[in-house]
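Written below as C-alpha cells is the structure these notes are about.
The values are calculated or read from the model by the stated rules, or taken from the named source; none is laboratory data. All figures in this text were calculated on a predicted structure; none of them were measured in a lab. Positions of Cβ are generated from backbone atoms using ideal geometry, with glycine treated the same way; all protein chains shown enter the neighbour counts. Only protein heavy atoms, including side chains, enter the accessible area calculation; ligands, DNA and RNA are left aside. Shrake-Rupley method; radii C 1.70, N 1.55, O 1.52, S 1.80 Å.
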Amino acid sequence: MVYRFRSFNWNEAISAGDVKMRACVIGGGIGGLATAIRLINRGWNVDIYEKEGKIGGRALSCKLEEYEKLIRKFEMKLLFSEPDMEEIRQMEGYKIDLGFHLIGGGKRGACVRLLREINANVNFIGSRLGFIGESIDYPILKAGDKIAMLPRILQLLLTRKSKIEEMKKISIDEMIRRYGRGKMKLVLELFPRLITTVNDLSKISAGETFFAQRELLGGDPVIYPEGGLEVMAGEMVKYIDAKGGKIFLNKEVERIVIEDGIAKGVEVDENFKEYDAVVSTIPVQHLFHIADKKEFPNEWVKYITSLKGTGSIISYHAFRELDKELLNKSFVFIERNTGFEGNDVVGMIDFKMHHGSGVAPKGKFIVQSYAICTPEEARDKDKAEKLAEIIEKNLEKLLPNYRKNMEWCIHAAIWHLDGVAKTIDNEKPSVATPIKNLYLAGDCVESKGVGINCAADSSRLVVEAVEDRG
Ligand SMILES: Cc1cc2nc3c(=O)[nH]c(=O)nc-3n(C[C@H](O)[C@H](O)[C@H](O)COP(=O)(O)OP(=O)(O)OC[C@H]3O[C@@H](n4cnc5c(N)ncnc54)[C@H](O)[C@@H]3O)c2cc1C
C-alpha cells in the first residue's frame, strides 16, 4: 500500500485497487459518519476524530442524569425544569435527545436513504402533521383541501428546475402575496418555517422550500427512530467498524495543517497526522479556531464568519397517562403577532417518544416540543421563557389540565440548531473550500434539506467534490 501525496489521478488509482487514500473526518456527528461511510465505500481509508466521549454529535441521546452536562457542550442552556433538575436526575428509565428531534421528509430523507443503503437495522415511527388552531385538525390537510389546492401545488412542485433556480430569489412572503388564499395561505405560512426553522418569511427562499418539498413528495412528513436518536449513529458506527474505518473518541483536532494552499493533515495530541483529504464537520463559523485564517482568502474568511445558524426553544414533558388518540402523532402551531423576528412563531408538539418506542419506562410517555426563534432570541432569557410559555399554552390545547398527569418537564434553549440557516441572505457554503484537500460537511453546507438530512446529504457532495479534484 502507498499512502503519500502524488500527482496522479486518485480515482483511477483507487479503482485500480493499488492505492489507499487516507481521509480524516473531524467530528463524529451524522455529517461526519455519513461522509466516512461514503468515502469508505469509494475505497478510502478513513479516520474519524471526535472530541467528546460519545458519538452522534448533536443527534445525541442520553439519560436524564447526563443531560445538563451534555447540553453545555452544544451551545444550549437549561431554562427551567419542574421539579428541579436534582430531582429529575434521579428518575430512571428515561432516554431523551439533546433536544426536540424529528426527521423531516420521512423515509425519503437523505439520512434514512443512507441508513437503508448500509442495511441498518432501524425502525421508524412516522406520522402526518395536525394543526392546533381554533380546533384541533388532524391531519392539517383533509382530502377536500388537497383537491382544492392540487392544481396550484402541482404547478409549484412540478416546476422545471430552471424555474426553481429563479424562484430561489423570491421570498415566501412574496409567494403568499401571489398565491396565498384560504388553506394555501396557512400551508405557505407553516411549512416553509418548519422546513427551514426560520420564522421570518421574508428571509425564506420559495425555490429552496419547493425544491425540498418536491424531493420528498409522498413520504410521512416526520419520523422518529425507535430506541431514540442515538440508534442511527450507532448503526453507522457498526458499518464503519465493519469496513475498517477508525473512530477515535475524546480526540480533539487541535489544528488543520495547511501548507502552500494544501491541507496536509491534522494535529491531534500535539502529533501531526498526514492525510490526503481533511473533512471538517465542526460548526463552520468555528473553522478558524483550528485552521489558520491567514491561509484563506480574506473574503472567504469574512463570508464564513458572518454565517448565521438557527435557534429554538425545546421542551420535554413526561406523563404518567396520555390520551391514546394522540399517540405517535405530531401537531404544529402558529402563534401570531408575538413580536419575535417574523412576528409569528411556529412550533411543533410531538407524541412519538414513549415506552412503546423504547425511550420511557413502562407505562410512561414523553412529549417533545419546540418553538422556532433566532439564535439571539434563544440566548435572551426573557424571550426564551416567553417561547416556553407559548409551547405550554399550545400543549394545554391538546392536553387540557396536562399538569395533573405530568411527572416532570425540562425547557432548554439552543442557539446552534442548524449550522447555517437556509435563508436568502445567508447562502450556505459549498463543500469545497479555497484550500486544496480541505472540505466541509455537516448541516452547515449547501446540501439538500435541513438538520440531520442536510448533514447526511453533505456526504454525497463531499465525495463528488473529492472526485472532481482528483
Ligand atoms: C436541540 C436540537 C434540536 C434539533 N432538532 C432537529 C430536528 O428536529 N430535526 C433535524 O433534522 N435536525 C435537528 N437538529 C439539528 C441536527 O441535530 C443537526 O443538524 C445534526 O445532528 C448535525 O450533524 P453534524 O454532523 O453536521 O454536526 P454535529 O452533530 O454538531 O457534529 C460535529 C461534531 O464535531 C465534534 N467536534 C467539534 N470540534 C471538534 C474538534 N476540534 N475535533 C474533533 N471533533 C470536534 C463535535 O463534538 C460534534 O460531535 C437539532 C439540533 C439540536 C441541537
Carbon plus sulfur, as percent of the 1.4 Å-probe accessible area of region 224-266, comes to 45 percent
For Lys264, the lysines lying under 28 Å Cα to Cα, once residues fewer than eight places off in the same chain are dropped, come out as Lys20, Lys51, Lys54, Lys243, Lys246, Lys251, Lys273, Lys293, Lys294, Lys302, Lys428, Lys436
For the chain, what is the accessible area per residue in Å², given a 1.4 Å probe and the full set of protein chains? 43 Å²
Translational diffusion coefficient, Stokes-Einstein: compute it for region 197-306 using the Kirkwood radius over C-alpha pairs as Rh, at 10 °C and 1.306 mPa s, and state it as an integer in µm² s⁻¹. 87 µm²/s
Computed D for the chain, Stokes-Einstein, Kirkwood radius over alpha-carbon pairs, 10 °C, 1.306 mPa s, to the nearest µm² per second, is 69 µm²/s
Taking a crude spin-label model, label points 7 Å out from Cα along the C-beta direction, the Glu299 to Glu65 distance in nm is 5.5 nm
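Add +1 for every Lys or Arg and -1 for every Asp or Glu among the other residues with Cβ under 14 Å from the Cβ of Ile37, and state the total.
So the surrounding residues net to +3.
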Glu446 - accessible surface, heavy atoms, 1.4 Å probe, Å² rounded to 10: 100 Å²
Once the convex hull of the alpha carbons of region 369-469 is built, what does its volume come to per residue, in cubic angstrom? 141 Å³
Between the alpha-carbon centers of region 311-352 and region 268-304, tell me the distance in whole angstrom. 38 Å
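For the chain, give me the percentage of DSSP beta bridges that are antiparallel, rounded to the nearest 5 percent.
If I count the DSSP bridges inside the chain, around 75 percent turn out antiparallel.
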Which of the peptides 259-272, 185-198 is most tightly packed, and how do the rest follow, going by the mean number of other Cβ atoms within 10 Å of each residue? 185-198, 259-272
Contour minus Cα-Cα distance for Asn121 and Glu385 (0.36 nm per residue): 91.2 nm
Neighbours of Val268 by Cβ distance under 13 Å: Lys/Arg at +1, Asp/Glu at -1, summed charge -3
